[in-house]
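Derivation of every value follows stated rules applied to the coordinates shown; laboratory data play no part. Being a predicted model, the structure only gives us computed values, none of them experimental. No Cβ is skipped: glycine too gets one built from the backbone with ideal geometry, and neighbour counts run over all protein chains shown.
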Amino acid sequence: MKRTFLNQPQPVATGIFAGQTPQELIAEARNCEFEGADGLAIELRDLKPEFRNRDSLKSVIDAVNLPTMFCFYRNDSQQNLDDDGRQEILLAAAEAGGSIIDVMGDLYDPSPMELTRNPAAIDKQKRLIDRIHSLGADVVISSHMQCPRTAEQVFEHLSEVAKRGADVVKIVTTVNTDEELAEAFRTTLLLKRELGKPFIHLCNGSYSRPHRFMGPALGVSIFFCVSHYEPRYGMTQPTIRAMKSVLNNMHWNINDF
C-alpha cells in the first residue's frame, strides 16, 4: 500500500522546504528522507515557471519513498500568480501523485484570519476539493495569522473549514507571552479531545518553540521540520533531528492513553 500522511502512525514528521528547480527539490527531499522524515511538504513559491508542471513535480515525488504535501500561498516569488493560477499548479501536483494538497481557508476571497465566510468562495473551494479528491489526493485546509487566538476561537475556526471537505485542518497562530503559550497548549488539548479530525496546530512567535516540540505529543497529527538551515528560505523551523530526538526520548504520547 502506498504510504500517505493518513495511513501511517501519527504524528508524522514532515520535512518542509522550497527550491527553484526539480534537482534542488529532489536533493532536499532525499536529505529529509535520510534524516528520518515520515513525509515531505514542498512549498512551490520559488519554483521556476518552466518547472511548474506535472512531469517536473512527478520527478520529485518519484525520487523518494515518502508521501508529499504541496503548498502554494500568496507569496509567489516567480510569477505572482493569482489564486486561480496557483491552484492549477497544485492540481498538477495532485495529478503527479501528491499525497496532500494545501487549500487556503480564504482561497478565492482574501479575508482576516485567512478564513472566508463568503458563500460563493466556499462553494468554489468545495468544488476544487472535490476535484483534488478525484485525482487521488487528500486535502488540508490551512490558515495562518500573526496574532494569538483562544482555544475556543481555534476550535470554531477549524470546525468551520472541516465542513468544506478537508481531510486534515491546519492553523498557525502567534504566541509572544507565557499566557499565550499556555493557551496554545490548552488549544491543542481541546482539539485532540473534541475536533474528531486530524489537525495541524502550530505557532510562530517568541514563545513558540516549546509548543513546536510538545505539540506532536499532545495530538498534532503532522508537524514540520527541516533537514538543515538554508538562509534563502529562513531558519525558524526546528530540525528533523532535534524534533525526533525530543519525541523519541519523551516516552510519552497522548495517543498512548
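Data overview
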quantity: The stretch 57-156: Cα Rg divided by the 2.2 N^0.38 Å rule of thumb; calculated: 1.14
quantity: Environment charge at G19 (Cβ cut-off 13 Å; Lys +1, Arg +1, Asp -1, Glu -1); calculated: 0
quantity: Contour minus Cα-Cα distance for S59 and R186 (0.36 nm per residue); calculated: 41.6 nm
quantity: Lysines whose Cα lies under 21 Å from that of K58, excluding same-chain neighbours fewer than 8 positions away; calculated: K2, K48
quantity: Rg/Rh (Cα only; Kirkwood hydrodynamic radius) as it applies to the stretch 10-82; calculated: 0.97
quantity: Neighbour-count order for R54, R232, fewest beta carbons within 10 angstrom listed first; calculated: R232, R54
quantity: Segment N176-S134, length gained on full extension (0.36 nm per residue, minus Cα span); calculated: 11.0 nm
quantity: Debye, to nearest 20: dipole size of the stretch 85-164, +1 on Lys, Arg Cβ, -1 on Asp, Glu Cβ; calculated: 140
quantity: Alpha carbon Rg of the chain, scaled by the compact-globule rule 2.2 N^0.38 Å; calculated: 0.95
quantity: CD proxy at 222 nm, helix term only [per DSSP H run n ≥ 4: -39500 (n - 2.57); per residue of the chain; nearest 500]; calculated: -12500 deg cm²/dmol
quantity: Cβ charges +1 (Lys, Arg) and -1 (Asp, Glu), total dipole of the chain, debye; calculated: 400
quantity: Taking M214, M69, M1 and counting other C-beta atoms within 10 Å, the order from fewest to most; calculated: M1, M214, M69
quantity: Residue of P231, P198, P112 that the Gaussian network model of the chain assigns the largest fluctuation, springs spanning Cα pairs under 10 Å; calculated: P231
quantity: Net charge of neighbours whose Cβ lies under 12 Å from the Cβ of N75, counting Lys and Arg as +1 and Asp and Glu as -1; calculated: 0
quantity: Kirkwood Rh and Cα Rg combined as Rg/Rh, the stretch 181-257; calculated: 0.98
quantity: Relative exposure of Y229, Y207, judged by other C-beta atoms within 10 Å (fewest first); calculated: Y229, Y207
quantity: Net +/- balance of residues flanking S111 in space, Cβ distance below 13 Å, scoring K and R +1, D and E -1; calculated: -3
quantity: Quarter of Cα convex hull surface for the stretch 1-122, i.e. mean projection, nm²; calculated: 8.1
quantity: Whole-Hz couplings from phi, Karplus 6.51/-1.76/1.60, listed for the stretch 211-218; x for Gly and Pro; calculated: 5, 4, 7, 8, x, x, 6, 9
quantity: Pairwise label distance in nanometres, R241 with Q20, each label 7 Å out on the Cα-Cβ vector; calculated: 2.7
quantity: Inter-centroid distance (Cα atoms) of the stretch 85-160 relative to the stretch 166-185, Å; calculated: 18
